[in-house]
Amino acid sequence: MLWFFRRDTIHVVCRVPEKPQQRSRSDFLRRHQCLLKMNLSCQIQAVLIPNGKSEGEIWEIFNLVCDQLGEKDEVVLDVTHALRSLPLLAKVVLQYMRVLKDVVLNGIFFTG
């Protein structure tokens, strides 16, 4: 799971669980409920992504994340619960968006 924080929106980027039994107890659902209880003054938006097991899925993730970012957005990336190579992919997307839309990466965080 990746989190993109912006001043007005928190984008929670999370994988769609592969197995049906995992979907009911999704990590995203627990975290989303926790964020809602905090009564934050910003929107919380889920961005569901595939697992990234093929080139096609990696490009889908790339495009989904790019679509969330606007001109001159400032981003803080939390990769605490990110899976495998997704933090690296997020960094690649943010580097691309830095050139394309002048997006600024203010920090990458991992809390273990």
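The values are calculated or read from the model by the stated rules, or taken from the named source; none is laboratory data. These numbers were taken from a predicted model, which means no experiment stands behind them. Methodologically, a virtual Cβ is constructed for each residue, glycine included, from the backbone with ideal geometry; neighbour enumeration extends over all protein chains shown. To get the accessible areas, we keep the full protein, side chains included, count just its heavy atoms, and leave off ligands, DNA and RNA. Shrake-Rupley method; radii C 1.70, N 1.55, O 1.52, S 1.80 Å.
Restricting LEU36, LEU64, LEU48 to those that are out of contact with any Pro (no Cβ under 7 Å at 6 or more places or on another chain), assigned to a helix (DSSP H, G or I) and either at pLDDT 80 or above or acidic (Asp, Glu) (or both) reduces the list to LEU64. Annotation note: Cβ proximity below 7 Å between a residue of the stretch 64-81 that is within 19 Å of PRO50 (Cβ to Cβ) and a residue that is open to solvent by 80 Å² or more (accessible area, probe 1.4 Å) and in a loop (DSSP other than H, G, I, E, B) (sequence gap 6+ or interchain) occurs for VAL79/PHE110. VAL93 meets the stated requirement of being in a helix (DSSP H, G or I), within 15 Å of ILE108 (Cα to Cα) and at pLDDT 85 or above.
When the stretch 97-106 is examined, which residues are found to be on the phi < 0 side of the Ramachandran plot and either surrounded by fewer than 14 Cβ atoms within 10 Å (Cβ to Cβ) or among the charged types (D, E, K, R) (or both)? Of everything in the stretch 97-106, those that are on the phi < 0 side of the Ramachandran plot and either surrounded by fewer than 14 Cβ atoms within 10 Å (Cβ to Cβ) or among the charged types (D, E, K, R) (or both) turn out to be ARG98, VAL99, LEU100, LYS101, VAL104, ASN106.
Taking the stretch 37-80 as the range and being farther than 22 Å from VAL16 by Cα and open to solvent by less than 100 Å² (accessible area, probe 1.4 Å) as the test, the residues that pass are LEU40, CYS42, GLY70, ASP73, GLU74, VAL75, VAL76. Take the conditions small (Gly, Ala, Ser) and surrounded by fewer than 17 Cβ atoms within 10 Å (Cβ to Cβ) and apply them to ALA90. Does it pass? In short, no.
Among residues of the stretch 99-112 that are free of Cβ contacts under 8 Å to residues at least 60 places away in the same chain, those with a Cβ under 7 angstrom from a residue that is part of a loop (DSSP other than H, G, I, E, B) and among the hydrophobic types (A, V, I, L, M, F, W, C), sequence gap 6+ or separate chain, pair up as LYS101/LEU69; VAL103/LEU69; ILE108/VAL79; PHE110/VAL79.
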